[in-house]
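Worksheet: one structure, shown below.
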Amino acid sequence: MIERVRAFISRQRLMSLEGHYLVAVSGGADSVCLLLVLRALGYNVEAVHCNFNLRGEESQRDEQFVIQLCRDNDVKLHITHFDTRTYAQLHKVSIEMAARTLRYAYFEQLRRDLDFDDICVAHHRDDSAETILINLIRGTGLHGLSGIKPRNAHVVRPLLCVGRKDIIKWLSGQGQSYVTDSTNLECDVVRNKLRLKVLPLLEDAHPGATENILATARHIAEAALVCDNALDNALDSLLADNRVPLDKLLALPSPESILYHWLHPLGFNPDVIEDINSHLFEAPAGKVWMSPSHAATFHQGFLLCQERSNPVKAVIIPEPGTYICGDRKLRVSIINEARIVKEACTASLDADKVSFPLTLRPIAEGDRFQPFGMKGTKLVSDYLTDRKVNVLDRQRQTVVCDASGNIVWLAGHRTDGRFAVTPATGRTLLINKSIA
């Protein structure tokens, strides 16, 4: 056991004898084995135990067992308690998801606060096989069929080289006890059903089924590396200024694979990506797809994807000065001369024609202004259409209005000609909008 884990850690470059590691210990066989093996290998470890308060006296039993285990082995222990049911109700997630979220968030907080290198968890080969089957029946891609990874950011899994039977056998040989979570023996969730019923049936029908599933996962993982490299190269050749040309995208063997490779890391779920893919040929203008952090739309033969900005709120500007407007900074000043600044981020206006307070606000339906150099007024929406401004940029578009509600500047585009600097101007109002 110890030599297999040592070789696996070395091969996967998971840990260093100079490092400082946090080991998640529930008190079950897997985590007890992990803690003792890492200690035997000479790693500098501390333990962490999470009490989710879900199983009454059994939860307290587990905590006391871990406390005694760490005392017997001279391991420093960190303990935290969670009100898991309340968290699940508030966030409308399952108990299992709530426990997972709370656990890993606490691990990462502790790692940062106490400067641990990584967090060690006790997933083993059987867990990986179960995960593959879960992903398969839910519908997944290559990565979902690759099994549990030895490393995921700061979470490492040194026991992925051994199985549950190996762990039980080793603990028995050491004379080491452990606790059993009674909920793991109930066929009430998908993973337990696979563990207790499906995998034993597969092993009975075909001895070695679990090992063969893992072997297939290794092959798929290697294929995924090749596929990812090809997708990286294809996306690099397409993506510029947060957009890809539809004609070149559609000419590729699998546009949906490119979309997934591009958009999934930006928070778009598979169903949304599939919907975007289904619209590639028609490319409807104005339709927007959202992820928590980004938005995508079609525009003039391209698929655009931009980071979402916070909703623009109206800001009152009572006098010259510097104002923070979301992620933008607005500088308003008056100079005693006529000056025209030819920069998109700056408006030059006749200060004696503009009355304070000014208002910076989002564009609204029916907004009109007189673009500098044109006669008569024009709808802001028509002006932006003529300028070929895409729907995502329109959602961020702002105007500056004077005290009477007149638009004096379509920010970043054009000032209103009625407030323009002329040879007769004595004072110039300068408005600069830039990233804060």
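What FRET efficiency do you get for Asp241 and Asn44 if R0 is 41 Å and r is their Cβ-Cβ distance, rounded to the nearest 0.05?
Approximately 0.30, to the nearest 0.05.
Between Val272, Val341, Val399, find the one with the highest GNM mean-square fluctuation for the chain; connect C-alpha pairs within less than 10 Å.
Fluctuation is largest for Val341.
Answer rounded, prolate or oblate for the range 372-413, using the Cα gyration tensor with square roots of eigenvalues a ≥ b ≥ c: rounded when a/c is under 1.5, else prolate when a/b is larger than b/c, else oblate. Before the final figure, lay out each step's value.
Working: a/c = 2.32, a/b = 1.30, b/c = 1.79.
Oblate, since a/c reaches 1.5 and b/c is not below a/b.
I need the phi-derived Karplus couplings for the range 250-264: 6.51 cos²θ - 1.76 cosθ + 1.60, θ = phi - 60°, integer Hz, Gly and Pro marked x.
Values, residue by residue: 5, 7, 7, x, 9, x, 5, 5, 5, 4, 5, 4, 7, 8, 4 Hz.
Please enumerate, by chain and number, the lysines with C-alpha under 25 Å from the C-alpha of Lys248, excluding those fewer than 8 residues away in the same chain.
Output for Lys248: Lys287, Lys388.
How much of the DSSP beta bridge set in the range 284-346 is antiparallel, as a percent to the nearest 5?
DSSP beta bridges in the range 284-346 are roughly 95 percent antiparallel.
Want the number for Ala283 to Arg11: 0.36 nm per residue separation, take away the alpha-carbon distance, what's left?
On the way: separation 272, 0.36 × 272 = 97.92 nm, distance 4.76 nm.
Here the answer is 93.2 nm.
Ordered by residue, what ³J(HN,Hα) values in Hz, to whole numbers, does the range 134-150 give under the Karplus form 6.51 cos²θ - 1.76 cosθ + 1.60, where θ = phi - 60° and Gly and Pro are x?
My calculation for the range 134-150 gives 4, 5, 4, 6, 8, x, 8, x, 4, 5, x, 9, 8, x, 6, 7, x Hz in order.
Contour minus end-to-end for Glu222 and Asn192, with contour as 0.36 nm per residue of separation and end-to-end as the Cα-Cα distance? Each step should come with its number before you reach the end.
Working: separation 30, 0.36 × 30 = 10.80 nm, distance 2.87 nm.
Net length gain for the segment: 7.9 nm.
So who's got an amide H within less than 5 Å of the one on Arg427, skipping anything under 5 residues away but keeping other chains? H placed 1.01 Å off N, in plane.
Ala351, Asp352
Can you list residues from other chains, or at least 5 along the same chain, whose modelled amide H is less than 5 Å from the amide H of Trp409?
The answer is Val400, Asp416.
Based on the Cβ-Cβ distance of Asn184 and Lys329, what FRET efficiency does E = 1/(1 + (r/R0)^6) give at R0 = 51 Å, to the nearest 0.05?
Efficiency computed from Cβ-Cβ geometry: 0.40.
Using a basic spin-label model with each label point 7 Å from the Cα along Cα→Cβ, how many nm lie between Ile79 and Glu108?
Rounded to a tenth, the inter-label distance reads 2.7 nm.
Got a sec to turn the phi values of the range 358-375 into Karplus ³J(HN,Hα) couplings, 6.51 cos²θ - 1.76 cosθ + 1.60 with θ = phi - 60°, whole Hz, x for Gly and Pro?
8, 9, 9, 8, x, 5, 10, 4, x, 4, 10, 7, 10, x, 3, x, 10, 9
Round to a whole angstrom and tell me the spacing of the C-alpha centers of the range 361-377 and the range 46-115.
Rounded to whole Å, the Cα centres lie 59 Å apart.
For His294, what residues show an amide H to amide H distance below 5 Å, using hydrogens built from the backbone and excluding near sequence neighbours?
Long-range HN contacts for His294: Arg308.
Just Arg125, Arg243, Arg387 to compare: in a GNM of the chain, with alpha carbon springs under 10 Å, which one fluctuates most?
Arg387
Along the Cα→Cβ direction, 7 angstrom out, place labels at Arg138 and Ala230. What is the inter-label distance in nm?
Reported label-point gap for Arg138 and Ala230 is 2.7 nm.
Subtracting the Cα-Cα distance from 0.36 nm times the residue separation, let me have the gained length for Lys165 to Glu211 in nm, one decimal.
15.3 nm
Of the residues Arg13, Arg157, Arg218, which exhibits the maximal mean-square fluctuation in a Gaussian network model of the chain defined by a 10 Å Cα contact cut-off?
Highest fluctuation among the options: Arg13.
Give the Cα extents of the chain along the principal axes, in whole Å, largest first.
97, 50, 40
Which value at 222 nm does the chain reach when only helices count, each DSSP H run of 4 or more adding -39,500 (n - 2.57), with the total divided by all residues and rounded to the nearest 500 deg cm²/dmol? Could the numbers behind the result be given before it?
Values: 15 runs with 169 residues, N = 436.
So the calculated ellipticity at 222 nm is -12000 deg cm²/dmol.
Tell me the label-point distance for the pair Asn310, Glu57, using the 7 Å Cα-to-Cβ offset, in nm and rounded to one decimal.
5.2
How far is the Cα center of the range 126-191 from the Cα center of the range 274-347, in Å?
Result: 47 Å between the Cα centres.
Give me the accessible area per residue for the range 124-176, probe 1.4 Å, as a whole number in Å².
Dividing the accessible area of the range 124-176 by its residue count gives 49 Å².
Quantify, in whole percent, the carbon and sulfur part of the accessible surface of the chain (1.4 Å probe; protein heavy atoms only).
Looking at the chain in its full context, I get 51 percent from C and S.
Please compute the per residue accessible area over the range 346-436 with all protein chains in place, 1.4 Å probe, rounded to a whole number of Å².
45
When we measure straight from the Cα of Lys149, which lysines land under 25 angstrom away, once same-chain ones fewer than 8 places off are left out?
Answer for Lys149, where 25 Å is the Cα cut-off: Lys165, Lys169, Lys193, Lys197, listed by chain and number.
The values are calculated or read from the model by the stated rules, or taken from the named source; none is laboratory data. Predicted model, so just to flag it, every value in this text is computed and none were measured. FYI the Cβ positions are ideal-geometry reconstructions off the backbone, even for glycines, and counts take in every protein chain you see. Accessible surface is based on the protein model in full, side chains and every heavy atom, while ligands, DNA and RNA are left aside. Shrake-Rupley method; radii C 1.70, N 1.55, O 1.52, S 1.80 Å.
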